[in-house]
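Trainee: Take a look at the following structure, please.
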Amino acid sequence: MVVDILLQYEFMRNALFAAILASIACGIIGAYVVVKRIVFIGGGIAHASFGGIGMGYYLGFNPVLGILPFGIASALGIGWITKRSSLPEDSAIGILWASGMAIGIVFLNLTPGYAPNLMTYLFGNILTVPVFDVILMLILDVVIVSVVYIFYKEFLAISFDEEMTTVMGVPAEKLYYLLLCMIALTVMVLVRVVGIILIIALLTIPAALSRQMTSDFKRMMILSVLFGAIFSTGGLGISYLYDIPSGATIILVMSVFYFAYSLVKGKISNLLS
């Protein structure tokens, strides 16, 4: 019944494709984010990218495309500051986070008239994703999967022990910058699904849940993609049936399942101990 509803209209088909494509990106990159414990770096890149959305409105092109230069610049900026500067990592994230948001607000203020669909970029609205954005998400997914396939072992090494990777002669710092750029591309994929504000949850929850279930990294990635797809399509169906915000619904579905699983797992562990 729900599947028939999802496939009945073009906008629902676009939303379903977007949910699956977003799940691939967030599942793969989210696994690295969780294992390397750079969740808030991901959040910083996402929020700093709001400057690109404002720039897109100001210059009159698709705001999603504006995320790329701001996302890449903020990713490289955070990476450079944390590696080469004495400024603490959390301070660097906070400065770039706030600066990107501020730039976006200034651009929006300078844009004549009203900025349409602004809330969809802040909080997401998967039901309004056009065909162009679905194609863009597909291209970005291909890039992300290709880069991760090529540098899988290297990314895995710097995620668990960056210092040892450097000692072994691997260019860990450059790979770290590349991984941050992959996070920026993932932000582009996810922004229309859950919005800038909620991206950090979609990057984190499926990967964190899968990590509780397995210690094998490849299996963790696969589970993360599957969880993302299940929760996204489930949240999409619920948001359509009850006419509630899609991005928030997807995150709530993920959160409820995560806490329920953690609670059940905790009780089982207590019984067995």
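Okay, residues lined up against (1) hydrophobic (A, V, I, L, M, F, W, C); (2) modelled with pLDDT of 90 or more; (3) in contact with a Pro (Cβ under 6 Å, 6 or more places away or on another chain); (4) closer than 27 Å to Met221 by Cα:
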site	(1), (2), (3), (4)
Met1	yes, no, no, no
Leu6	yes, no, no, yes
Met12	yes, no, no, yes
Leu16	yes, no, no, yes
Tyr32	no, yes, no, yes
Lys36	no, yes, no, yes
Gly42	no, no, no, yes
Ile53	yes, yes, yes, no
Gly56	no, yes, yes, no
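Trainee: Cβ-Cβ below 9 Å, separation at least six or inter-chain, first residue in the range 115-136 and farther than 17 Å from Val187 by Cα and without any contact (Cβ under 8 Å) to a residue 60 or more places away in the chain, second open to solvent by 40 Å² or more (accessible area, probe 1.4 Å) and polar (S, T, N, Q): which pairs?
Mentor: Cβ pairs passing all conditions: Asn117/Asn125; Asn117/Thr128.
Trainee: Follow-up question, since we're still on this one. For the range 186-219, name all the residues that are crowded, with 23+ Cβ neighbours inside 10 Å and of a type in the set (Ser, Thr, Tyr).
Mentor: Within the range 186-219, Thr186, Ser210 qualify.
Trainee: Look at Leu108 and say whether it is touching a residue at least 40 places away in the same chain (Cβ under 8 Å) and under 19 Å from the mean Cα position of the chain (by Cα). Even if it seems obvious, please write down each step before you answer.
Mentor: On the way: touching a residue at least 40 places away in the same chain (Cβ under 8 Å): yes; under 19 Å from the mean Cα position of the chain (by Cα): no.
No, not satisfied.
Trainee: Scan (1) in a helix (DSSP H, G or I); (2) of a type outside the set (S, T, N, Q); (3) open to solvent by 40 Å² or more (accessible area, probe 1.4 Å) for the single condition Ile41 breaks and write down its number.
Mentor: (3)
The values are calculated or read from the model by the stated rules, or taken from the named source; none is laboratory data. As the structure is a prediction and not an experimental result, all values here were calculated from the model. Neighbour counts run over all protein chains shown; Cβ positions are idealised from the backbone, glycine included. Please note that ligands, DNA and RNA were not included when accessible areas were found on the heavy atoms of the full protein model with its side chains. Shrake-Rupley method; radii C 1.70, N 1.55, O 1.52, S 1.80 Å.
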